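Here, each number is a calculation from the coordinates, and none is a lab measurement. Predicted, not measured: the structure shown is a model, and the values here were computed from it. Ideal geometry is used to build each Cβ from the backbone, glycine not excepted, and the neighbour counts take in all protein chains shown.
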Amino acid sequence: MKRSALLLCFLSLALPARAADSLTDAGLAEVQALGRINGQALACGYAETVSRIKAVIIQHAPKSRRYGAAFEEATNKAFLDQSRKEMTTCPDGPTFTGQVEEATQRLQSAVPPPAPK
């Protein structure tokens, strides 16, 4: 009887942690998406888009090494991928703007703002 009560206690503690992990995983995916757009915008010379993305990351992404590294890795990979495409043209500014807005909305949905103290 004690073992089942102890097991039930551990499971009840693990479920909220698992829910939080899935929430942060969704947020991490959106930060990576913004990183990919950022890398492509850097390679294409869209400084305004890059500035907008950085502002979004600073305002909405959790402040952790994991998120920062994910953003930087996605940015670097997308930059290199876009640079290697010698014959491919860059998307126009409105296309980038739309992609940034969509990714921003998904990030805000995936990672709600912290509660005021």
Q) Based on the Cβ-Cβ distance of Glu48 and Asp25, what FRET efficiency does E = 1/(1 + (r/R0)^6) give at R0 = 30 Å, to the nearest 0.05? A) 0.50
Q | Whole-Å semi-axes of region 26-104's equivalent ellipsoid (Cα gyration tensor) | A | 21, 14, 9
Q: Can you figure out the FRET efficiency of Ser83 with Lys63, using R₀ = 41 Å and their beta-carbon distance, to the nearest 0.05?
A: 0.90
